[in-house]
Amino acid sequence: MKLNIFDTVEEVLAGLATYFIKTANEAIAAHGHFSVALSGGSSPKKLYSLLASETYKNQLDWTKIYFFFGDERYVPHANPASNYQMAKKVLFDPLAINPDHVFAVNTLLSPQEAAEQYMHTIRTFFKGNDPRFDLVLLGLGDNSHTASLFPYTSVLHEVDATVKPVFLKDQQVYRITFTASLINKAHHIAFLVYGESKALAVHNVLEEDTDTQNYPAQLIHPFNGIPPEWFVDKPAVKNLQ
Ligand code: 6PG
């Protein structure tokens, strides 16, 4: 893993925005397009806004980018909790992204059907080849989950499927998530983690002995050997030895 530590959140976001642009341009140069799985929650919202800003938006040919979601809350797309809705508001709409280039989870289906259909969508996009995203963006929950790979959920042990529904008992909600094995196939993986509230999770994931039930983000080990890039601020790493 490569730690990119910055003093302020603004610098973290600028660092990751620059990395996003670089990775995208390399993928477009190499094979004509860039496939990215976006992370959700609150942390990446500022990143997406920054990418859509005057500072960055002209550094990429957005017509060559295909957007997926590493996980999604099982709510209607119009629901404020929807990761799709967040990205639409701050990234897709401001950049007038072609809706055909945005692959949202169909949360009108049952959780199982939504996962199966998303798996099919991904398989079709990759033309039946091994689904290897150019970039998977990830966040980190303060309980060490990433995507919707939550502690003590059965999805942590999934090896065959690429997308699964997961029921969060404490929140009584479903999520649809990439499995660790799908994430680990990616060419590049980047974590965006900032704020003191994440410091214990960062320590647990990076420094505690392997305990993927408690620290699911420890499941993230890219198969192609390129270490994940972590973009963090100093408060988030204050517990690192
Ligand atoms: C989601 C995310 C999730 C997120 C972490 C951190 O759908 O919520 O994909 O994995 O990255 O929960 O969330 P915050 O950035 O809101 O702290």
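Observations
- Close Cβ contacts (under 6 Å, 6 or more residues apart or on different chains) running from residues in the range 106-135 that are buried (at least 19 other Cβ atoms within 10 Å of the Cβ) to residues that are among the basic types (Lys, Arg) comprise 115/164.
- Unique match (being open to solvent by 40 Å² or more (accessible area, probe 1.4 Å) and either in a helix (DSSP H, G or I) or of a type in the set (Gly, Ala, Ser) (or both)) among 197, 181: 197
- Elements of the type strands (runs of 3 or more DSSP E) sitting completely within the range 3-108 and holding at least 2 residues that are within 21 Å of residue 197 (Cβ to Cβ): these cover 71-73.
- In the range 157-178, of all residues being open to solvent by 20 Å² or more (accessible area, probe 1.4 Å) and not in a loop (DSSP other than H, G, I, E, B), the one that is nearest to the ligand (Cβ to nearest atom) corresponds to 175.
- Listed by first and then second residue, the pairs linking a residue in the range 144-164 that is touching a residue at least 40 places away in the same chain (Cβ under 8 Å) to a residue that is open to solvent by 50 Å² or more (accessible area, probe 1.4 Å) and away from the ligand (no atom under 14 Å from the Cβ), with Cβ atoms under 7 Å apart and 6 or more places separating them unless they lie on different chains, are 144/214; 151/213; 151/214; 152/213; 156/213.
- Candidates 77, 101 - the one that is touching a Phe, Trp or Tyr at 6+ places or on another chain (Cβ under 9 Å), free of Cβ contacts under 8 Å to residues at least 60 places away in the same chain and farther than 15 Å from residue 174 by Cα: 101
- Among the residues of the range 40-88, those identified as charged (D, E, K, R), open to solvent by 70 Å² or more (accessible area, probe 1.4 Å) and within 15 Å of the ligand (Cβ to nearest atom) are 45, 46.
- Test result for residue 145, under 15 Å from the mean Cα position of the chain (by Cα), surrounded by 19 or more Cβ atoms within 10 Å (Cβ to Cβ), within 16 Å of the ligand (Cβ to nearest atom) and not hydroxyl-bearing (Ser, Thr, Tyr): yes
The values are calculated or read from the model by the stated rules, or taken from the named source; none is laboratory data. Because the structure is a prediction, the values reported are computed rather than measured. Backbone-built Cβ (ideal geometry, glycine too); neighbour counts: all protein chains shown. These area figures cover heavy atoms from the full protein model, side chains too; ligands, DNA and RNA do not enter into them. Shrake-Rupley method; radii C 1.70, N 1.55, O 1.52, S 1.80 Å.
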